[in-house]
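These notes concern the structure reproduced below.
The values are calculated or read from the model by the stated rules, or taken from the named source; none is laboratory data. Not measured: the values here are computed from a predicted model. Note that we place each Cβ from the backbone using ideal geometry, even for glycine, and neighbour counts take in every protein chain shown. All accessible areas refer to the heavy atoms of the entire protein, side chains included, with ligands and DNA or RNA removed. Shrake-Rupley method; radii C 1.70, N 1.55, O 1.52, S 1.80 Å.
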Amino acid sequence: MGLSIGIVGLPNVGKSTLFNALTKKGVPAENYPFCTIDPSVGIVAVPDERLHKLSEFSKSAKTIPGAIEFVDIAGLVEGASKGEGLGNKFLANIRETDAILEMVRLFPIVGGGKEIAHVYGTVDPLRDIAVINLELILADFETVTKRKNNLQKDLKRGDKLAILEDAAVTRIEAALEAGKLANTVELTEEETKMMKQLNLLTMKKFLYGLNKRNGASNLDESDPEKFKELTDVITESGAQYVMLDAKIEDDLKDFEGEEKELMRSELAGEDDGITSLITQAYHVLGLETFFTTGEDETRAWTIQKHSTAPIAGTAIHTDFKDKFIRAEVVYWKDLLDSGSYATARSKGLVRTEGKDYIVKDGDVIEFKI
């Protein structure tokens, strides 16, 4: 399935630096036929230790991880909702993504003897978030207003679906007018389906990348109270955040294994922010993984949580939904602990599941069609 996260933010906050670091973790595009091929798109592997253990178990010739697209989107400037800068192109690119990674700058104007200008001259993450989100809100407000006007004719003749949609649109309009994101509005399942058609920018899931610089006076150290205010605002909005140093991750992108960890230590870098970011992005999108494994290939398949077996099977091929008969399922750890598929079956750990089975993260599945 094609899933993408748009990297957005003001100029000089580290978007492209992060993108360069991410794309080093890229995987061959031909393995993911649903993915977009574009210079500004990186198809990034989802780290998963289970996949490699299963591949060793099966002595697979190929190992193919799950993947997410990260899209490097042009820097936003104030007035983008009215077409300022690359505004129209910027907003169109965001609409095509499934979630938004908003890069937020914590590092100062001058650090390590080098000056990196900020578009507003000072570092203020809360202001930067407010600027970006306001542009998204204004664009959504215009979309919602147009939709309300288009519903008037159907409302006058008492169309039930139009009445339902108008009620949802009205609540979203009120939230946007109050400066809130559309994703803060509680909607029923039916209303959510209707609102998806509007493709609102602020209805998407948000993840914030808090970008710091090693050796610099970052906000979290120089002003802990303001940093707490920042993280409180993010979490209270229902979003999540990841701390990272995009510059260090970019510097380390050509190193692997022990050499990479040694270099990270020398640069005084902390945890692998890129891995944390990819993993968090995966969860923000509400995704989970099932596996197929054999001598030819062990592969991680990406699906939405709570998918039934036939729906999960469409990750492999769209025909699986209609041709599904049953699925042979075993949990990945049970399979490894058993030592062989035959032993797992003899222990009753391999189950036969039907169309109503909800696939669980970590299932190893053989589909029967």
Take the alpha-carbon centre of the stretch 100-138, take the same for the stretch 301-315, and report the distance between them in whole Å. 38 Å
Any chance you could count the Lys pairs in the stretch 142-222 whose alpha carbons are under 22 Å apart, treating pairs 8 or more apart or on different chains as valid? 24
Would you rank Lys146, Lys53 by solvent-accessible area, highest first, keeping every protein chain in place and using a 1.4 Å probe? Lys146, Lys53
Rounded to the nearest 20 debye, what is the charge dipole size of the stretch 173-253 about its Cα centre when +1 sits on each Lys and Arg Cβ and -1 on each Asp and Glu Cβ? 320 debye
Ser346 accessible area, 1.4 Å probe, all protein chains in place, Å² to nearest 10: 100 Å²
Thr343-Lys114 pseudo-label distance in nm [points 7 Å out on the Cα-to-Cβ vector]: 5.3 nm
Ordering of 276-282, 54-60 by burial proxy (mean other Cβ atoms within 10 Å per residue, highest first): 276-282, 54-60
What accessible surface, in Å², does a 1.4 Å probe find on Val119, ignoring ligands, DNA and RNA and rounding to the nearest 10? 80 Å²
Please list, in chain and number order, the residues 5+ apart from Tyr208 or on another chain whose amide H is under 5 Å from its amide H, with Hs placed from the backbone. Glu102, Gln240, Tyr241, Val242
